[in-house]
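S.K.: Next up is a structure, given as structure tokens.
Please treat every number below as a calculation from the coordinates, not as lab data. Because the structure is a prediction, the values reported are computed rather than measured. Ideal geometry is used to build each Cβ from the backbone, glycine not excepted, and the neighbour counts take in all protein chains shown.
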Amino acid sequence: MRQTSLRLRAGIVSLSILLVFGLAWHIGVSGSGPAQQMDPEYAKLMGQTAVQGKSAMPGPLDVLAKIWSHLKEPFYDRGPNDKGIGIQLAYSIGRVLLGYGLAMLVALPLGFLIGMSPLMARALDPFIQIMKPVSPLAWMPLALYTIKDSSISSIFVIFICSLWPMLINTAFGVSSVRKEWLNVARTLEVGPIRRAFTVILPAAAPTIVTGMRISIGIAWLVIVAAEMLVGGTGIGYFVWNEWNNLSITNVITSILVIGLVGMILDQALARVARAVSFPE
Amino acid sequence: MAIFRNPFDHRFRLSSKGCSCGQHGSEAEHAAATADGLAASSDEALRLRRSVENAVMRALFPVDEQRRNFLKVVGASTAYAAINTLFPIAAATDVLAQGAPLEKKDLKVGFIPITCATPIIMAAPMGFYSKQGLNVEVIKTAGWAVIRDKTLNKEYDAAHMLSPMPLAISMGVGSNAIPYTMPAVENINGQAITLAMKHKDKRDPKSWKGFKFAVPFDYSMHNYLLRYYLAEAGLDPDTDVQIRSVPPPEMVANLRADNIDGFLAPDPVNQRAVFDGVGFIHMLSKEIWDGHPCCAFAASKEFVTTYPNTYSALLKAIIEATAFATKTENRKQIAEAIAPPNYLNQPVTVIEQVLTGTYADGLGQIKRDAKRIDFDPFPWESFAVWILTQMKRWGQIKGDVDYAGVAKQVFLATDATRLMKEAGLTPPTTTTKTFSVMGKVFDPAKPEEYIASFPIKRT
């Protein structure tokens, strides 16, 4: 009973915050400045902001209308530079999943190796420490130059940025499996492969999934920036293209969409995390 | 020019002596005398069809007398209809009209969303590429460095570049040295200096000390023209002001945010700043140098030599599009074709003001200048020499420069001449010319003296 009422009250507070914010936004942008005295022929050549002193910032209603127009037709394709928001999102998600999947293939086995062997942990540590703080976008020019393909380059950038959190968390999770459990396994004469899969993997899984969750968040952050840089397709390109047109309405729309997709990706991994967690 | 003769004409004279009607001493005299002499006809389509028909008729009736008798008996039009059912003359003519077979039909051409790229962009929606049998995708690109890298990567077969870029790439300035070519200039004029509204009383460049300016790229006409203009006013562009390179789409946002005081930028950026009430047009680049080149159509030397026919067809499409864009009466139609989100993604009225030259200046006046932007494909080698002198003047290149040699290698004037003739334009007969920038005459034969004559320089 108490639980549901808390949830209800939180919902009401959230909603009122949204309403207050929306209202403040609406009032903030609707105040039009003094209308300029202009020759009508000249005014025809000028934009709304210059003529009516209308704020360059769109109101919440404009944004809602824009979102609706995108939702009505998310998959249109009018040439290589003008595709629906659904198609752009599909490109971005595809790139993220591809780069992320490749990173997983590399990070999990390598993390296991580092976690299980103190020698490898020490030997690889300096490389990881230097590479980890590098902004993934700093790899872009190098990737473009060596890979010679902008689409693969952005997948590579996703790969490199999702690699480190997964690698480090896997190594940490594997190395901090409780000694008693390993000793029990040794007493029962469990082979190394079986030990890795039946003892270490379940024990380290919550830490590994946490690393994966951090990674997907970073990957989604980075793809938008990478696509803005390289262009062509994807939600990042969409933002850039609308910025180019100074269409703040579309930019806000895509901010909301990017946030929504990021949340869905994060929640998906949160479910995985709940599935692999165990009480001690 | 016997192959252009009507093969269905049974009166055509077969012997090589005299002419076909027997009244003239030679075939040439006959052609000159008869008004319907097809050799003199400029109608290329008709000429092509005639040569196909000729080949077909001669193949079907190799003996002259037989062919003649056949035509006499059935008549020319019946003969044509009969032959046409056996052999698709129209289809064969189409094949011939496309010239040599294209090595590659699906091409990608990169562009930056600015009006300088008008011929490259409009050629897609208005069918200039498909007329040459090419299937060209024009791809919008985020900035000059990206377009350069994507072209060097061969993701793009050819691209819209700033005219100094192929020179810089060929010489290895700012990138690896890769032989590059610039077969056509896109546009002349069409840039402007725009200042933030707060500077509307500072119209004298001498008062611009400490300003922050934006130009699209280091290797751009914009950079060289702005530097030239400032230096003429006595300001040192390296120490008295700050010049940054900012991609054109970000310029208006930066001007609004007060990050910069002004820019020398391609359109529609200038007009967009006016449209949004952020800035005003101080002067058109035309007032600095009337007829200056700006953007270019560029391709790697490798593309030109590996796919000569494709290259030729592509260049022909661009030159024909340029010829179409030159006519002022077509400008409104072009503005509507290139304004949608797939291309420039700007309000049509902004593009229209740029292309028609009837524009709001941002200070309440309507100005008219039909030559605000113009299109002229001819890559004058002297343009290249001028650009090289400015690169050297501002320290981008050092040491001895083979001005004429580099200009000749990169600016492919001969191809442009040939294709301009085919497109119905009149190409100039020379490849160099003298011109003046802000009243100072430039002689392409004396580049070093030209650099030495400036008081502000980095050499």
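S.K.: May I ask for the angle, rounded to the nearest 10°, between helix A:235-244 and the longest principal axis of chain A, with both axes built from Cα atoms and the value confined to 0 to 90°?
M.R.: The angle comes out at about 30 degrees.
S.K.: Give, to the nearest whole percent, the P(r) tail of chain A beyond 29 angstrom, counting all Cα pairs.
M.R.: Tail of the P(r) past 29 Å holds 53 percent of the pairs.
S.K.: If you line up the long axis of helix A:85-116 against the longest principal axis of chain A, both from Cα atoms, how many degrees apart are they, to the nearest 10?
M.R.: 20 degrees
S.K.: Residues of B:245-255, mean number of Cβ from any other protein chain within 10 Å of their own Cβ, rounded to a whole number?
M.R.: Per residue, the number of nearby Cβ atoms from other chains is 2 on average.
S.K.: Around A:Trp240, under 12 Å between beta carbons, what's the net of Lys plus Arg minus Asp minus Glu among the other residues?
M.R.: Summing Lys/Arg as +1 and Asp/Glu as -1 gives -2.
S.K.: Quick one: net charge around B:Thr118, please, counting Lys, Arg +1 and Asp, Glu -1 for every other residue with C-beta under 11 Å from its C-beta.
M.R.: -2
S.K.: Then there's this: At what distance in nm do the modelled label points of B:Ala253 and A:Gln267 sit from each other, each positioned 7 Å from its Cα along Cα→Cβ?
M.R.: In this crude label model, B:Ala253 to A:Gln267 measures out at 2.9 nm.
S.K.: Reachable aspartates and glutamates from A:Lys66, Cα under 14 Å, same-chain residues fewer than 8 places away excluded?
M.R.: Within reach: A:Glu242.
S.K.: Past 27 Å, Cα to Cα, is the threshold; run B:Lys327/B:Lys367; B:Lys140/B:Lys398; B:Lys202/B:Lys392 against it and keep the listed order.
M.R.: In this structure, B:Lys140/B:Lys398; B:Lys202/B:Lys392 exceed 27 Å between Cα atoms.
S.K.: Report, to one decimal in Å, the Kirkwood hydrodynamic radius for the protein assembly as shown based on all distinct Cα pairs.
M.R.: With all distinct Cα pairs of the protein assembly as shown included, I get 30.5 Å.
S.K.: In addition: Using the crude model of +1 on Lys and Arg Cβ and -1 on Asp and Glu Cβ, and no other charge, please compute the dipole size for region B:383-459 relative to its Cα centre, in debye to 20.
M.R.: Rounded to the nearest 20 debye, it is 220 debye.
S.K.: Only helical DSSP H runs with n ≥ 4 go in: add -39500 (n - 2.57) per run for chain A, normalise by residue count and round the 222 nm mean residue ellipticity to 500 deg cm²/dmol.
M.R.: -25500 deg cm²/dmol
S.K.: Sticking with this structure for a sec: Could you state the angle between the C-alpha long axis of helix A:150-175 and the longest principal axis of the C-alpha atoms of chain A, as a value from 0 to 90 degrees rounded to the nearest 10?
M.R.: Tilt of helix A:150-175: around 40 degrees.
S.K.: Using modelled backbone amide H atoms (1.01 Å from N, in-plane), which distant-in-sequence or interchain residues come within less than 5 Å of B:Val136's amide H?
M.R.: B:Leu107
S.K.: Shifting gears a bit: Semi-axes, largest first, in whole Å: what does sqrt of 5 times each Cα gyration tensor eigenvalue give for region B:191-287?
M.R.: Working from the Cα gyration tensor, I get semi-axes of 18, 15, 12 Å.
S.K.: Got a sec to turn the phi values of region B:366-383 into Karplus ³J(HN,Hα) couplings, 6.51 cos²θ - 1.76 cosθ + 1.60 with θ = phi - 60°, whole Hz, x for Gly and Pro?
M.R.: 9, 10, 10, 8, 4, 9, 3, 10, 9, 10, 8, x, 5, x, 4, 5, 5, 4
S.K.: Compute the Rg/Rh shape ratio of region A:132-280: radius of gyration over Kirkwood radius, all on alpha-carbon atoms.
M.R.: 1.13
S.K.: Which whole-number percent is the relative contact order of region A:85-202 (Cα, under 8 Å, 6+ apart)?
M.R.: Over region A:85-202, the number comes to 37 percent.
S.K.: Pull up all non-local amide H partners of B:Ala123: gap of 5 or more, or a different chain, and H-to-H distance under 5 Å with H placed in the peptide plane.
M.R.: Sorted by chain and number, the residues that satisfy this come to none at all.
S.K.: While we're looking at this one, here's another question. Which whole-number percent of Cα pairs in region B:312-459 have a distance greater than 18 Å?
M.R.: 68 percent
S.K.: Can you list residues whose amide H is under 5 Å from B:His282's amide H, if they're 5+ apart or on another chain and H is modeled 1.01 Å from N?
M.R.: B:Ile193, B:Thr194, B:Leu195
S.K.: Rounded to the nearest 0.05, what FRET efficiency is calculated for B:Thr305 and B:Asp400 with R0 set to 35 Å and r the Cβ-Cβ distance?
M.R.: The pair B:Thr305/B:Asp400 has a calculated efficiency of 0.80.
S.K.: Can you work out ³J(HN,Hα) from phi for every residue in region B:342-359, in order, using Karplus 6.51 cos²θ - 1.76 cosθ + 1.60 and θ = phi - 60°, giving whole Hz and x for Gly and Pro?
M.R.: 5, 10, 7, 6, 9, x, 4, 5, 5, 5, 5, 4, 5, 6, 8, x, 9, 9
S.K.: Separate question: I need B:Arg68, B:Arg331, B:Arg148 ordered by Cβ neighbour count within 10 Å, fewest first.
M.R.: B:Arg68, B:Arg331, B:Arg148
S.K.: To continue, here is another question. Residues of A:231-240, mean number of Cβ from any other protein chain within 10 Å of their own Cβ, rounded to a whole number?
M.R.: What the average comes to for A:231-240 is 3.
S.K.: Also, I was wondering about something else. I'd like the Karplus ³J(HN,Hα) series for region B:206-220: coefficients 6.51, -1.76, 1.60, θ = phi - 60°, whole numbers in Hz, and an x wherever there's a Gly or Pro.
M.R.: 5, 8, 9, 4, x, 5, 10, 10, 10, 10, x, 6, 5, 9, 9
S.K.: Further question on the same structure: Please check chain A for the longest run free of trypsin sites (Lys or Arg not before Pro) that are loop-located per DSSP (anything but H, G, I, E, B) and have at most 14 other Cβ atoms within 10 Å.
M.R.: A:179-280
S.K.: Separation between the B:Arg244 and A:Gln129 pseudo-spin-labels, each 7 Å from Cα along Cα→Cβ, expressed in nm?
M.R.: Reported label-point gap for B:Arg244 and A:Gln129 is 3.5 nm.
S.K.: Over the whole of B:133-146, what's the average partner chain Cβ count within 10 Å per residue? Rounded to a whole number, please.
M.R.: 4
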